[in-house]
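Asker: There's a structure below that I have some questions on.
The values are calculated or read from the model by the stated rules, or taken from the named source; none is laboratory data. Only a predicted model underlies this, so the values are computations on that prediction, with no experimental measurement involved. Note: ideal-geometry Cβ built from the backbone for every residue, glycine included; neighbour counts use all protein chains shown.
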Amino acid sequence: MQGLKRNLKLHKHSYILMAPYFLLFFLFTILPVLISIVVSFTYFNMLEFPRWVGWQNYARLFLEDDVFLIALKNTMLFAAVTGPISYVACFIFAWLINEFNSKLRAFLTLIFFAPSISGNIFFIWLIIFSGDSYGYANGFLMKIGIIYEPIQWLQDPTYILAIIMLVQLWLSLGTSFLAFIAGLQNVDRTMYEAGAIDGIRNRWQELWFLTLPAMRPQLMFGAVIQITMTFAVADVSMALAGFPSVQYAGHTIVTHLIDYGTIRFEMGYASAIATILFIIMMTTNLIIQKLLRKVGE
């Protein structure tokens with residue numbers, strides 16, 4: 001206790017400067033999460049005062065709600081495929097682009113980053129995967145003789161999730177990509193000279209033993225962003241496959257949350273869904289942190 005008081009007194013100016021951020025972070029992040037967890041144990045329809053129901057919402061989620069189980073399966077599969085691929089792709093493209101001169105690097109960064117900031121451009125993919133012969137995918141496959149009649153890409157449960165994954169990967173070169181480029185630019189170049197003296201012989205050893213350990217903060221930031229993006233996917237699914245999608249083939253945890261939170265107004269149940277998603281994301285984040293600590297060992 002004495003050590004804490006001494007530390008507060010010694011760094012009081014720093015804490016005063018950080019106080020507005022901590023206050024806003026508590027009010028708009030920590031407090032809403034805590035309220036949501038409490039509400040998840042209630043029945044709350046936005047009209048009546050919340051009524052305590054204990055674990056009933058969670059029991060309903062896993063024992064009665066078949067659509068949630070489909071959404072959970074889709075989300076986990078989506079995250080397992082797109083998360084690692086997009087994370088590695090962000091770093092590889094950033095690493096390659098970093099080798100060019102500043103003007104070309106800036107141009108290529110804009111090209112790769114543009115899809116993630118272009119807004120609602122899903123209509124491009126709606127044209128590509130249109131269900132008639134004028135869709136680019138159908139037209140190309142029919143022209144080369146692979147198919148003889150159009151495929152209903154966005155109405156067939158067989159293809160919906162795969163297409164959503166493809167579009168999400170196209171959009172994934174966003175904030176993580178920029179963070180990796182910034183991290184690569186800030187790596188101390190003298191480390192490579194010291195590494196060459198200590199026995200580093202090729203670019204792969206340089207990458208593993210020098211570059212990646214020096215970029216741990218950016219790698220962690222990128223991991224958090226990618227985890228958030230993959231587990232919170234909803235817009236892509238709703239824009240391409242509709243809401244709800246055919247046989248819930250594109251249904252995710254967040255679209256299920258939107259259904260109960262903004263359409264049915266079952267806020268207690270929606271809060272339970274949000275709490276499950278929060279636990280999954282936090283668990284994944286902790287696992288990624290442990291894995292990133294092993295980089296360079």
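Residues are listed down the side, and each one gets a yes or a no for (1) in contact (Cβ under 8 Å) with a residue 60 or more places away in the chain; (2) surrounded by 14 or more Cβ atoms within 10 Å (Cβ to Cβ); (3) under 29 Å from Gly131 (Cβ atoms):
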position: Leu184; (1), (2), (3): yes, yes, no
position: Gln218; (1), (2), (3): no, yes, no
position: Phe265; (1), (2), (3): yes, no, no
position: Ala270; (1), (2), (3): no, yes, no
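Asker: Being exposed (fewer than 13 other Cβ atoms within 10 Å of the Cβ), assigned by TED's automatic domain parsing to the domain that holds Leu171 and assigned to a helix (DSSP H, G or I), is that true of even one residue in segment 46-63?
Answerer: Yes; the residues of segment 46-63 include at least one that is exposed (fewer than 13 other Cβ atoms within 10 Å of the Cβ), assigned by TED's automatic domain parsing to the domain that holds Leu171 and assigned to a helix (DSSP H, G or I).
Asker: While we're looking at this one, here's another question. Does Met76 qualify as being out of contact with any helix residue (DSSP H, G or I) (no Cβ under 6 Å at 6 or more places or on another chain), in a helix (DSSP H, G or I) and surrounded by 14 or more Cβ atoms within 10 Å (Cβ to Cβ)?
Answerer: yes
Asker: Something else about it: Ile163 - would you say it is in the same structural domain as Ala214 (by TED's automatic domain parsing) and in a helix (DSSP H, G or I)?
Answerer: Spelling it out, Ile163 is indeed in the same structural domain as Ala214 (by TED's automatic domain parsing) and in a helix (DSSP H, G or I).
Asker: Out of Gln247, Gln205, which single residue is polar (S, T, N, Q) and in contact (Cβ under 8 Å) with a residue 12 or more places away in the chain?
Answerer: The match here is Gln247.
Asker: Take segment 33-45 and flag every residue that is surrounded by fewer than 19 Cβ atoms within 10 Å (Cβ to Cβ) and in a helix (DSSP H, G or I).
Answerer: Val33, Leu34, Ile35, Ser36, Ile37, Val38 - these are the residues of segment 33-45 that are surrounded by fewer than 19 Cβ atoms within 10 Å (Cβ to Cβ) and in a helix (DSSP H, G or I).
Asker: If Gly135 satisfies every condition in (1) at pLDDT below 90; (2) under 27 Å from the mean Cα position of the chain (by Cα); (3) surrounded by 17 or more Cβ atoms within 10 Å (Cβ to Cβ) but one, which is the exception?
Answerer: Evaluating Gly135 over (1) at pLDDT below 90; (2) under 27 Å from the mean Cα position of the chain (by Cα); (3) surrounded by 17 or more Cβ atoms within 10 Å (Cβ to Cβ) leaves (2) as the failure.
Asker: For Leu171, are the conditions met, namely being surrounded by fewer than 18 Cβ atoms within 10 Å (Cβ to Cβ), among the hydrophobic types (A, V, I, L, M, F, W, C) and within 30 Å of Met76 (Cα to Cα)? Break it down stepwise before answering.
Answerer: Details: surrounded by fewer than 18 Cβ atoms within 10 Å (Cβ to Cβ): no; among the hydrophobic types (A, V, I, L, M, F, W, C): yes; within 30 Å of Met76 (Cα to Cα): yes.
No: the conditions fail for Leu171.
Asker: I would also like to ask the following. Let me spell it out: the conditions are (1) touching a Leu at 6+ places or on another chain (Cβ under 9 Å); (2) touching a residue at least 24 places away in the same chain (Cβ under 8 Å); (3) of a type in the set (Phe, Trp, Tyr), and Tyr43 meets all of them except one. Which number is the exception?
Answerer: In the conditions (1) touching a Leu at 6+ places or on another chain (Cβ under 9 Å); (2) touching a residue at least 24 places away in the same chain (Cβ under 8 Å); (3) of a type in the set (Phe, Trp, Tyr), Tyr43 misses (1) alone.
Asker: What residue, among those in segment 183-233 that are of a type in the set (Val, Ile, Thr) and either in a helix (DSSP H, G or I) or touching a His at 6+ places or on another chain (Cβ under 8 Å) (or both), is modelled with the lowest pLDDT?
Answerer: That would be Ile197.
Asker: Just give me the residues in segment 153-176 being farther than 15 Å from Gly131 by Cβ and of a type in the set (Asp, Glu), in sequence order.
Answerer: None - no residue of segment 153-176 is farther than 15 Å from Gly131 by Cβ and of a type in the set (Asp, Glu), so the list stays empty.
Asker: Something else: Got a sec? Which of Lys103, Lys73 is among the basic types (Lys, Arg) and within 30 Å of Thr158 (Cβ to Cβ)?
Answerer: Lys73
Asker: From the list Ser86, Ser116, exactly one residue is within 22 Å of Leu219 (Cα to Cα), outside any loop (DSSP other than H, G, I, E, B), touching a Gly at 6+ places or on another chain (Cβ under 8 Å) and in the same structural domain as Thr230 (by TED's automatic domain parsing). Which is it?
Answerer: Ser116
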